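The values are calculated or read from the model by the stated rules, or taken from the named source; none is laboratory data. The shown structure was predicted, so the numbers you read here are calculated from the model rather than taken from an experiment. Here Cβ is always computed from backbone atoms with ideal geometry, including for glycine, and neighbour counts include all displayed protein chains.
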Amino acid sequence: MKYLKYEFENQIAKITINRPEVLNALNSGLVKELDSLLDRIDNEEGIRALIIAGEGKNFAAGADIAEMMDMNPSEARKFVFNNVYSKIEALPVPAFAAVRGFALGGGLELTLACDFRIFSTDAKVGLPEVKLGIMPGAGGTQRLPKLIGLGRAREMIYFGNIIDAETASAWGLCQWVVEGDPVEYTKSLAQKLMDKSPCGIGAAKKAINYGIDKDLNSGMIFEANVWAELYSTSDQKEGMKAFQEKRKPQFTGK
Ligand code: CO8
């Protein structure tokens, strides 16, 4: 791969965006690589969590402006890559965004498709697209209001302000703020999932994602069905048997 680095260790997959010379700006070649990598991660057994980070001092300063500037509307439509970000949301394992420095525009939108955001104290995040005559196009107008509420989302999108980690945390945009490189802390968080049931976590992720834009009743029906399906897994049998036998469960994710 030219624009991404991929590592797999201790059941954790890690993708690093690797264009530090342009603050990890996301061009179409990079997004294509991300697309293939996400398909691979989705189909590979033994992965229990995904971490996405940026090479160097920044996460990603947005989509590549040099590539986008001369596009016509039909080329712009083809450039849209929110379907790739949705693959992160659809993964059966939790995704963590470990953010240092800038996460702007499409960079911040990438983190919004993850289950968790961990920011370093020097993180600077925002959706500055209106300053370029465009608007967020990779999920920002859809995921951000659901995460931090309409008022704050409108503020970030209309004013295009860049906010710091402390403000992001107060607004619920990130769950953890850490000193220095957030990757190690993110790995330790991911590691804490390893003794939990992959089937349980995967099913919960599916139910949360389904219910977020549905009415309560449809969400409850979906939840009940997914919950009942867990009774066809060995994780459910092992988890409850281990409880009865007063030992730690050995989940297989099957
Ligand atoms: N695209 C291309 N190149 C970039 C980008 C970018 N988004 N951001 C930075 N760079 C490049 C700069 O051009 C510069 O390159 P060079 O050295 O060749 O001149 C290099 O990275 C370093 O950047 P700066 O010199 O500007 O660094 P500063 O520390 O002075 O400033 C900033 C850092 C404030 C982050 C500044 O670079 C900046 O404002 N960048 C643009 C941020 C931005 O507007 N991002 C949003 C882009 S639009 C977007 O993401 C739309 C997403 C929706 C896509 C829809 C399809 C799905």
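Give the residues of segment 222-254 that are under 26 Å from the mean Cα position of the chain (by Cα) and exposed (fewer than 15 other Cβ atoms within 10 Å of the Cβ), sorted by residue number. Correct list: Ala224, Asn225, Trp227, Glu229, Thr252, Lys254. Does Asp181 meet the test of being at pLDDT 95 or above and in contact with a Lys or Arg (Cβ under 9 Å, 6 or more places away or on another chain)? No, not satisfied.
When each of Ile157, Ile163 is tested for being closer than 26 Å to Thr111 by Cβ, touching a Phe, Trp or Tyr at 6+ places or on another chain (Cβ under 8 Å) and assigned by TED's automatic domain parsing to the domain that holds Ile51, the lone residue that passes is Ile163. Those helices (runs of 4 or more DSSP H) of segment 51-141 in which 3 or more residues are near the ligand (Cβ under 8 Å from one of its atoms) occupy 65-68, 106-112. So, restricting to helices (runs of 4 or more DSSP H) that lie completely within segment 142-199, which ones have at least 1 residues that are in contact with a helix residue (DSSP H, G or I) (Cβ under 8 Å, 6 or more places away or on another chain)? Answer list for segment 142-199: 150-159. Taking the condition over 20 Å from the mean Cα position of the chain (by Cα) and under 21 Å from Ala61 (Cβ atoms), does Ile134 pass? Yes, satisfied. Would segment 38-45 turn up any residue that is in contact with a helix residue (DSSP H, G or I) (Cβ under 7 Å, 6 or more places away or on another chain), assigned to a loop (DSSP other than H, G, I, E, B) and of a type outside the set (D, E, K, R)? Within segment 38-45 (the criterion being in contact with a helix residue (DSSP H, G or I) (Cβ under 7 Å, 6 or more places away or on another chain), assigned to a loop (DSSP other than H, G, I, E, B) and of a type outside the set (D, E, K, R)), the answer is no, since none of the residues qualifies.
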